[in-house]
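Step one of this worksheet: look at the structure below.
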Amino acid sequence: MKYIKNNLFSVLTLFSSILVSHNSSAHVIVAQRGTLNILNNGVFMVLSLPISAFEGVDDDNDGKLSKIEFTKHRSVITNVIHEKVVLKDKNRKLVLEDMMLSPVTSHQSPQDPVSQLVVMGRYNLTDLLSPLEYTIELFGTTPAEQVLDVVATRKSDNQKRKIKLTPKNSSVSIF
């Protein structure tokens, strides 16, 4: 029963994030930013990643992702994220579940190709106090896309940590 309640809470949290993102698509999260919120037995992640970090998805080489390209390459993008956005506890690599991908569109031109992609998902924790290692190996081609700022928050003890990841420093231990 506890498992069902936790999963229901996780699904509701994720859906509420989706509703917020749908209504404010360009303002979900600033480009090159992310959050990790550790709550109960899960780590909820939201990241804004540059399209130029994904090889082979920009068919027309305009530096952006159209809706057609997004639909065509969605599974490739998903696989790359599973491979290059990693959270580990002291025992193993955790699996990113309930992943949602959302191109960051402009309110003024929602049909235009996009340069950023928001990734949302959840990692299950078995040991709430286990040290965590967070690694991201998805950086874009421009100087602004070479830095990713993430804020990690653990609700149980009100800890907060600001993380700056770069291609040369793509992994960090948190909590």
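No lab work stands behind these numbers, since they all come straight from the coordinates. Just so you know, these numbers come straight off a predicted model, no measurement behind them. Positions of Cβ are generated from backbone atoms using ideal geometry, with glycine treated the same way; all protein chains shown enter the neighbour counts.
What number goes with the only condition from (1) over 13 Å from LEU47 (Cβ atoms); (2) outside any helix (DSSP H, G or I) that SER102 does not pass?
(1)
Could you list all residues from region 41-86 that are closer than 17 Å to GLU97 by Cβ and not in a helix (DSSP H, G or I)?
Of everything in region 41-86, those that are closer than 17 Å to GLU97 by Cβ and not in a helix (DSSP H, G or I) turn out to be ASN41, GLY42, VAL43, PHE44, MET45, VAL46, LEU47, VAL85, VAL86.
Quick one: in region 41-76, which of the residues that are among the polar types (S, T, N, Q) and over 19 Å from the mean Cα position of the chain (by Cα) is surrounded by the most Cβ atoms within 10 Å (Cβ to Cβ)?
Looking at the filtered set, the residue picked out is SER66.
Among the numbered conditions (1) within 20 Å of SER48 (Cβ to Cβ); (2) without any contact (Cβ under 8 Å) to a residue 12 or more places away in the chain; (3) not hydrophobic (A, V, I, L, M, F, W, C), tell me where THR142 comes up short.
Exception for THR142: condition (2).
Any idea which of ASP127, ASP112 is more than 19 Å from the chain's Cα centre (by Cα), within 19 Å of MET45 (Cβ to Cβ), charged (D, E, K, R) and not in a strand (DSSP E or B)?
It is ASP127.
Could you grab me the full set of residues in region 133-168 that are among the charged types (D, E, K, R), assigned to a strand (DSSP E or B) and within 17 Å of ILE29 (Cβ to Cβ)?
ASP149, LYS160, LYS162, LYS164
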